[in-house]
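Notes follow once the structure below has been shown.
The values are calculated or read from the model by the stated rules, or taken from the named source; none is laboratory data. These numbers come from a predicted model, not from an experiment. Every residue, glycine as well, gets a Cβ built from its backbone with ideal geometry; the counts of neighbours run over all protein chains shown. To get the accessible areas, we keep the full protein, side chains included, count just its heavy atoms, and leave off ligands, DNA and RNA. Shrake-Rupley method; radii C 1.70, N 1.55, O 1.52, S 1.80 Å.
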Amino acid sequence: QASFLHYDSDLLDYLPQQRRKLLLKLAKEASLLGYNLYLVGGQVRDLLINIPLNKDLDILLEGDLKKFFVHLENKYGYQYDYNNKFSTGFLHNQYGFSIDIASCREEKYHFPGSLPLVEKADLFSDLFRRDFTINTLVIDLNPGRSGILYDFFGALNDLKNGILKVMHDYSFRDDPLRILRGIRFQILKDFKLSSKTIEISQRSLRNYDYHKLAIERVFTELSYLFKSKQDLSQFASVLLKEIPVLKLIKSDFEFSSSQKSNFLRAEKLLAQSRENSLGVNHFLVRLMILFYNSKESLIKSWPLSTLEKKIFVNKIWENIDFSIFEIKDPALKYRRLEFFKKEELIMFASLNFESDYIEEIFKHLKRRETLKIPISGHDLLDLGVKQGPEIKKYLLEVRDQILRHQIENREEALTYLKKIL
Ligand code: ATP
């Protein structure tokens, strides 16, 4: 049963002017074909809780999307991409935000985690297949009804209470990525999964076999969480214990207490890396901590870059000699530490958190980001050095002297070079 919520003021007034105008124009064109147009999804949710709007506009069409696109093309010359299989499309525009349009549809799943078979449906059924109630709010765009908010599933109440409620008991069986989405919403957007939703996620992870789930899809969703520059301690301290979602990646995944403390340490170090703008690959570090002892063959089957796989599999941080940190000559110490990638040093620091070397590691990484050599290869050519490896050798020698505080600027660097050449 639909519960209609009429707002005193038009909700669309809260959208930036350009978006509002474009949406109303599109809805008017849809109505000429006898179709209905609605604004849905994250944009409506965020509008209602005053979160700055992200870039996408998600629009739902009750009608034939292909015909709608053709109509817009004929009348205004609008360009579009249309996906017949999923009845979805993308409308190109000059305003710098993306407009995704989909025909209202139902989804049928053949096995847990399969890609859905899509069938045309009405607005209600389309909303019913969504992940959480808070994502089912709709703003009508149609002439005469524009700006009215529809709340079919008690979403407004959940939104006010900041609660994530799954739409139905089999939602996570159909698409377990929704569990990861829920965890992401809880951690990054400050919502809270309802206890029933947690129960359903636990049951689904226990009862269904997701081995046919495409690993690329899991990694894509996981990356939204793991790439985040926010603190993810909550993931380890609460969520992983409650919802063993990483079983989607490794079916026998266990979360030990040492993994938990390593993860929490890594979070502290990643926060420090952000404060120092070190550009550390958060996704990789978090993955390596959680899947530390996984088999090489498993890691190699994941959609990671060649370099990421190499860092993960080689675990070179296990062989970092503590004596490096005792080296007195700053230039030599730099050369030895430089050999390791940032992520390798962060892993070393996470696993040796009690050591006195954490500060040293950050000092080094910061230096790595900021250190500039005040001369170039051209200067060396001008001084008569031959093209080839000699150039690099002298550049590094200058760098050594900078690290030893013997050289401070370009002038001193050139004087030094003239002397040694
Ligand atoms: P964000 O702010 O992260 O972009 P969003 O809710 O807009 O949040 P999208 O991934 O853009 O996220 O999805 C748009 C809408 O599509 C969502 O609001 C949700 O209703 C629906 N949706 C997305 N992924 C799923 C899914 N796996 N299962 C069900 N519904 C989904």
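Pairs are defined by a Cβ separation below 6 Å, a sequence spacing of at least 6 or placement on different chains, a first member in the range 20-43 that is free of Cβ contacts under 8 Å to residues at least 12 places away in the same chain and not assigned by TED's automatic domain parsing to the domain that holds Lys55, and a second member that is open to solvent by 40 Å² or more (accessible area, probe 1.4 Å) and outside any loop (DSSP other than H, G, I, E, B); no pair meets this definition. Applying the condition of being closer than 21 Å to Phe86 by Cβ and in a helix (DSSP H, G or I) to the range 121-155 and asking which residue is nearest to the ligand (Cβ to nearest atom) yields Asn135. Figure legend. Inter-residue proximity from the range 268-284: first residues of a type in the set (A, V, I, L, M), second residues at pLDDT 95 or above and outside any helix (DSSP H, G or I), beta-carbon distance below 8 Å, spacing 6+ or different chains. Indicated pairs: Leu270/Val280; Ala271/Asp231; Leu284/Leu304. Within the range 87-120, the set of residues being assigned to a strand (DSSP E or B), among the aliphatic types (A, V, I, L, M) and under 25 Å from the mean Cα position of the chain (by Cα) comprises Leu91, Ile99, Ile101, Ala102. Could you count how many residues in the range 220-246 are touching a residue at least 60 places away in the same chain (Cβ under 8 Å) and either farther than 24 Å from Tyr170 by Cβ or outside the structural domain of Phe172 (by TED's automatic domain parsing) (or both)? Count: 2.
So is Leu33 hydrophobic (A, V, I, L, M, F, W, C), buried (at least 16 other Cβ atoms within 10 Å of the Cβ), farther than 17 Å from Phe191 by Cβ and more than 25 Å from the chain's Cα centre (by Cα) or not? Criteria not met by Leu33. Count of the range 369-381 residues, restricted to those that are farther than 18 Å from Pro330 by Cα and either open to solvent by 60 Å² or more (accessible area, probe 1.4 Å) or of a type in the set (Val, Ile, Thr) (or both), is 3. A single entry from Glu275, Glu221, Glu216 fulfils the requirement of being open to solvent by less than 70 Å² (accessible area, probe 1.4 Å), more than 17 Å from Tyr292 (Cα to Cα), within 20 Å of the chain's Cα centre (by Cα) and at pLDDT 95 or above: Glu221.
Within the range 51-87, the residues that satisfy the criterion of being within 24 Å of Pro16 (Cβ to Cβ) and within 14 Å of the ligand (Cβ to nearest atom) are Ile51, Pro52, Leu53, Asn54, Lys55, Asp56, Leu57, Asp58, Ile59, Leu60. If the condition is being in a helix (DSSP H, G or I) and within 13 Å of the ligand (Cβ to nearest atom), then the range 159-181 contributes Leu159, Ser171, Phe172, Arg173, Asp174, Leu177, Arg178, Ile179, Leu180, Arg181.
Of all residues in the range 382-421, which are open to solvent by 50 Å² or more (accessible area, probe 1.4 Å), among the polar types (S, T, N, Q) and either in contact with a Pro (Cβ under 8 Å, 6 or more places away or on another chain) or in a helix (DSSP H, G or I) (or both)? Correct list: Asn409, Thr415. State which residue is nearest to the ligand (Cβ to nearest atom) when the search covers only the range 33-50 and only residues that are hydrophobic (A, V, I, L, M, F, W, C) and part of a loop (DSSP other than H, G, I, E, B). Filtering the range 33-50 for residues that are hydrophobic (A, V, I, L, M, F, W, C) and part of a loop (DSSP other than H, G, I, E, B), the one nearest to the ligand (Cβ to nearest atom) comes out as Ile49.
If the requirement is being at pLDDT below 90 and over 26 Å from Ile200 (Cα atoms), which of these qualifies: Lys108, Lys120? Walk me through it before giving the result.
Numbers: Lys108 fails: over 26 Å from Ile200 (Cα atoms).
On inspection, the qualifying residue turns out to be Lys120.
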